[in-house]
1. Are any residues in segment 9-29 at pLDDT 95 or above and within 15 Å of residue 89 (Cα to Cα), and if so, which ones?
2. If the requirement is being at pLDDT 95 or above and either over 26 Å from residue 23 (Cβ atoms) or more than 15 Å from the chain's Cα centre (by Cα) (or both), which of these qualifies: 149, 142?
3. Somewhere in segment 84-104, is a residue in contact with a strand residue (DSSP E or B) (Cβ under 9 Å, 6 or more places away or on another chain), surrounded by 18 or more Cβ atoms within 10 Å (Cβ to Cβ) and over 30 Å from residue 134 (Cβ atoms)?
4. Looking only at segment 14-34, which residues are touching a residue at least 40 places away in the same chain (Cβ under 8 Å), in a loop (DSSP other than H, G, I, E, B) and closer than 22 Å to residue 103 by Cβ?
5. I'm checking my understanding of the structure. Among residues of segment 87-106 that are more than 12 Å from the chain's Cα centre (by Cα) and assigned to a strand (DSSP E or B), which one is farthest from residue 63 (Cα to Cα)?
6. So, in segment 122-159, exactly how many residues are surrounded by 13 or more Cβ atoms within 10 Å (Cβ to Cβ) and assigned to a loop (DSSP other than H, G, I, E, B)?
C-alpha cells in the first residue's frame with residue numbers, strides 16, 4: 001500500500017474504521033500503553049489535538065502490549081487510563097502488535113516507510129508517525145520526544161506558519 005488512507009483498524013470498541021475518512025487530514029499515529037513511564041504523554045498529545053484539530057490534525061492511538069507488558073488490560077482498563085485519567089478525546093484503537101509477524105499492516109508499512117535510527121523495528125511505546133494530508137508518511141519521532149516538540153512539524157504539515 002502506498003497511502004495511509006488505504007488502511008483500516010478496529011476502534012477500541014471493536015468497530016471497523018476505514019482510514020479513508022482521514023483523507024485531507026494530517027494524522028499523528030502513536031503506539032500507546034497505559035502503564036508506561038511515558039504514559040503522561042497522553043496529556044501533551046491531547047493538548048496538541050485540541051490546539052490543531054480544527055486545522056485538520058487527527059491523532060490516532062494504538063494500544064500495544066509488546067513492550068514490557070505495559071498494556072495488559074482490556075477495553076475498560078484502557079478507557080480508564082485514556083479517557084478518565086488523561087481526558088483523551090482522540091480515537092484509541094484496539095490493542096495491536098507493532099513489531100513481528102503479527103504486526104498490524106499499518107505499522108509494518110510505517111516501519112518500512114520511516115525506519116528509525118535502529119532500523120525498521122519500533123523500540124518502545126509512544127513512537128510517533130506524522131502522516132501528511134496526502135496519506136504519505138512525513139516523519140517518525142522517538143518515544144521520548146514530547147508532543148510539544150512536534151508542534152513545528154505539525155504546523156508545517158497543516159500548512160500553518162511555523
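1. Listed by number, the residues that qualify are 27, 28, 29.
2. 149
3. no
4. Scanning segment 14-34 gives 14, 33, 34.
5. Among those residues, the one meeting the criterion is 103.
6. 13
The values are calculated or read from the model by the stated rules, or taken from the named source; none is laboratory data. None of the values given here were measured: they were computed from a predicted structure. Cβ: placed from backbone, ideal geometry, glycine included. Neighbour counts: every protein chain shown.
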